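Data block below; observations after.
Each reported figure results from applying straightforward, stated rules to the coordinates on display, with no laboratory input. Since this is a predicted model, take the numbers as computed values, not measurements. Here the Cβ is made from the backbone with ideal geometry for all residues, glycine too, and neighbour counts use every protein chain on show.
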Amino acid sequence: MLALILDRTHAVLLEGARLPDVPADGPRPMKTLEAVFAARGLALPAPAGSRTRSDGHGRDFAFVIDRTPAPPGMTWTPLRDAAAADDTLWNLYVELVLGGWSPPTRAVDVWFFGNGPEMASNLVHLVMCGAKRVTMGWGALAEKDGTPLAVEGGVSVVTDGFGYPRVVLRSVEVREIPFDEIDAATAAGEGEGDLSHADWREAHVAYFTTLAAQYGLTFDDRALISVERFEVLHVVGRADR
């Protein structure tokens, strides 16, 4: 049984350079997996998906968990690196995590909006409903917290904050602009609040100032903001099973 174990940014837990492959043992494959990983100090949640193996014996599984230290002999590896030359891993990810839809590249970034599950779910909802086509990141903060900044043409899987994907985006324009030079039309493109420039400014000053304090930074009007316009390639979901 292959176990595709992902953290919330879809780093993959690998054993050596491969997915863990656990011998099937009895009629309860989940119980077998739970026992094997519990012995390694890792508690598995309910699976994000499973499939019958192509040989008809046993099942393969996908899980999304909070990042914990990797058990001995295992490592967390970014999805784009883990899947680059591993067709089995990538196909399992596409089928069980993305519902069967394959992005145009395996070199995807995986992230969520904001700084917590509630904000992440709210903002990705705005994307799915068509209201949000702009997002912004503060370069100095991204360097501190490891969030990937957008590059034109880059493809991203965006999750709901718990690690479950909701949309796949492609960056179509990225500009770096001082915070106080972001105009009302660009701000409204974020689709947030009441869409006024004043509301956008108040919310973003509060957001970036709070995070600046957490990371020992200072936020002001001249902070350089990466402004990304994106298109939606796919809304993750499948209702035809």
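Output the relative contact order of the chain, whole-number percent, from Cα pairs under 8 angstrom with separation of 6+ residues.
19 percent
Rounded to two decimals, what ratio of Rg to Rh does segment 117-241 give with C-alpha atoms and a Kirkwood Rh?
0.96
Quick one: net charge around Gly163, please, counting Lys, Arg +1 and Asp, Glu -1 for every other residue with C-beta under 15 Å from its C-beta.
Taking every Cβ under 15 Å from that of Gly163, the sum is -2.
222 nm [θ] for the chain, helices only, -39500 (n - 2.57) per DSSP H run of 4+, per residue, to 500?
Helices in the chain give a 222 nm mean residue ellipticity of -8000 deg cm²/dmol.
Just add up the charged neighbours of Ala142: K/R +1, D/E -1, any other residue whose Cβ is under 13 Å from the Cβ of Ala142.
Overall, the nearby charge balance is -4.
Can you give me the long-range amide H partners of Ala11? Hydrogens built in the peptide plane at 1.01 Å from N, cutoff under 5 Å, separation of 5 or more residues or another chain.
Under 5 Å from the amide H of Ala11 lie the amide H atoms of Leu79, each far enough along the sequence or on another chain.
Compute the angle between helix 117-128 and the longest alpha-carbon principal axis of the chain, please, reported from 0 to 90 degrees and rounded to the nearest 10.
80 degrees
Going by alpha carbons, how many degrees (0 to 90, nearest 10) lie between the helix axis of 29-38 and the longest principal axis of the chain?
With rounding to tens, the tilt is 70 degrees.
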